[in-house]
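What follows is a single structure, written as structure tokens, with notes after it.
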Amino acid sequence: MTPLSLALTLIFVIIPLLLSKTLRLGLEKDTLIATVRSIIQLFAVGYILKFVFESDSWIYILLMVALMIFAAVQNARKKGKSIPGITWKITVTIIAVEVLTQGILLGFSIVPPEAQYIIPISGMIVGNSMVLSILFLNRFTAEMEAHRDRVELILSLGGTPKQAIHAQLTDAIKASMIPTIESQKTMGLVQLPGMMSGQIIAGADPVQAVQFQLLILFLLLTTAAVSSILLGFLSYPSLFNERMQLLREQTID
Amino acid sequence: MDPYTPAIHFRSVSYESGGKQILKNITGSYPAGKITTLVGPSGAGKTTVLKMCNGLLSPTSGEITVDGRPIREIEPTTLRRHVGIALQDAPVIKGTVWDNLALPARLQKKELSRKDAEGWLEDVGLGKEYLNAKATELSGGQRQKVSIARTLVNQSEILLLDEITSALDRTSRREIEELIVRINRKYGTTILWITHNLEQAISIGDYAWVLMDGELIETGESSLLVHPADPRVAQFVKGGSE
């Protein structure tokens, strides 16, 4: 892409700006901020990636992944403020998912152990694990709010915390995984996945692009399942004390 | 001197939540095998007292004993089967009446027989045809009966009832009152019953606790509600009967 054609892409920013101004939507400021931020962030990442790829050092790769995980945790923890220790619980979840998936990818030599593969794939895993954590926490706190009486009922009948919360936990796990599964059903029919489109535009063989995309899709199924279930099982015990009592304040968001 | 053996005893029990003092230094007993009613204005701490007996809440200070044993030494699930509770709104789990009755057994990884379930339903005055009815579609009175039957499945020796008749019509209320007395007589179950209905407390209860603003103001035979010694109780009784 030439610098001129890159500059011309700004037309796509000007169109919504003009529309917003004409219709008085008041979105000009946000649109401008979003544009400037995306330019700075993406160029910064681009140059950092270039440096990391060229240096070919494991330390930089690990640092890059750690940074991604840090940013993801900061974003997701806001949704689970009501759960004690949620920051480390999300951190453990995302690290576990990353280690498991990269372990399989590299262990079976599915992808070469190079920064060019590890970093983008990690980005997708960490990003999806973060979204899944947010979806799970949203649903789980809502379920707990709506069904406190049922949780308390089971406790009152002599059930353990795990039995008391089982229905809410599985509902939240299922609900958070559904978007991942559903979007895969229409994959290729309704939309071409971003990564595959990018590869095709960059000149890759479409079949090769499809193969990589399948790898990512399957990877995201594991990411979704492990993220929700692990975070769920790490989260629920802190809603109870050692006398198997439901802690009051902590489910209030 | 207390003429009864206490099933549950509170010794200097206080409870604080969110910076608010809910119960203040309560000392008193619930006699075994008797029906004790808990009366008092809303916000007096009646439900808190009940939830403490079942271990859903713990005192901030003081001690509660059940059959002479400190509650904190009893494993929570064992305590909750021994001291059953029927909650105010009679929450039910999704599914049929059968699913609800089988729940306490399932929690112990046991099976409830169909025959036993029918027996418990009969105890609360519901026919076996109710077993397949959807629990959430029952009337308020029927739901309360299912809730009580579900508590009976655990064969608790102590039964806690939280304002279970407050949302019911006169006929259903009468039926539940008769049912509670029947359970008490048939199984010798110790019953603690929160009610805002003084007439009910006097006619059904053997014993009464009057709670106000987190304090246990008066306790004794139910007749204390007819001729209260404490002027605050007298005022409350007067207000309640008007």
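What follows draws every value from the coordinates through simple rules; no lab data is involved. Given the structure is predicted, the values throughout are model-derived calculations rather than measurements. Note: ideal-geometry Cβ built from the backbone for every residue, glycine included; neighbour counts use all protein chains shown.
Key figures for this structure:
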{"read-out": "Largest to smallest principal axis extent of the C-alpha atoms in region B:6-241, angstrom", "value": "51, 40, 33"}
{"read-out": "Rounded Å value of the spacing that divides the Cα centres of region B:111-149 and region B:92-108", "value": "10"}
{"read-out": "Relative packing of A:110-117, B:94-101, B:208-215, which averages over residues the other C-beta atoms within 10 Å, highest first", "value": "B:208-215, B:94-101, A:110-117"}
{"read-out": "Overall dimensions of the protein assembly as shown as given by Cα atoms, namely Rg and Dmax in Å", "value": "30.8, 98"}
{"read-out": "Cβ charges +1 (Lys, Arg) and -1 (Asp, Glu), total dipole of chain A, debye", "value": "560"}
{"read-out": "Approximate shape of chain A as ellipsoid semi-axes (Cα gyration tensor, √5λ), whole Å, largest first", "value": "38, 25, 18"}
{"read-out": "Positive-end residue, region B:86-177 charge dipole about Cα centroid, Cβ charges, pick of B:Ala105, B:Leu152, B:Gly119", "value": "B:Ala105"}
{"read-out": "0 to 90° range, to nearest 10: angle between helix A:86-107 axis and chain A longest Cα axis", "value": "60"}
{"read-out": "Principal axes of region A:1-55: Cα extent on each, largest first, Å", "value": "50, 22, 8"}
{"read-out": "Whole-number percent relative contact order across chain B, with pairs defined as alpha carbons under 8 Å at least 6 apart", "value": "26"}
{"read-out": "Only Lys, Arg (+1) and Asp, Glu (-1) charged, at Cβ; the protein assembly as shown dipole about Cα centre in debye", "value": "500"}
{"read-out": "Of B:Gly68, B:Gly19, B:Gly55, the one that fluctuates the most in a GNM where chain B has Cα springs shorter than 10 Å", "value": "B:Gly19"}
{"read-out": "Top of B:Ala44, B:Ala135, B:Ala229 by mean-square fluctuation, Gaussian network on chain B, Cα under 10 Å", "value": "B:Ala229"}
{"read-out": "Lysines with Cα under 16 Å of B:Lys145, excluding same-chain neighbours fewer than 8 positions away", "value": "B:Lys128, B:Lys134"}
{"read-out": "Helical mean residue ellipticity (222 nm; -39500 (n - 2.57) per DSSP H run of 4+; nearest 500) of chain A", "value": "-26000 deg cm²/dmol"}
{"read-out": "Model label zone, B:Lys20; criterion: amide N under 13 Å from point 7 Å along Cα-to-beta-carbon; scope region B:31-63", "value": "B:42-48"}
{"read-out": "Assigned charges on the beta-carbon of Lys, Arg, Asp, Glu; region A:1-55 dipole about Cα centre (debye)", "value": "180"}
{"read-out": "Sorted largest first, extent of region A:122-253 alpha carbons per principal axis (Å)", "value": "63, 25, 22"}
{"read-out": "Modelled FRET efficiency - R0 51 Å, B:Lys128 with A:Leu17, Cβ distances, 0.05 increments", "value": "0.10"}
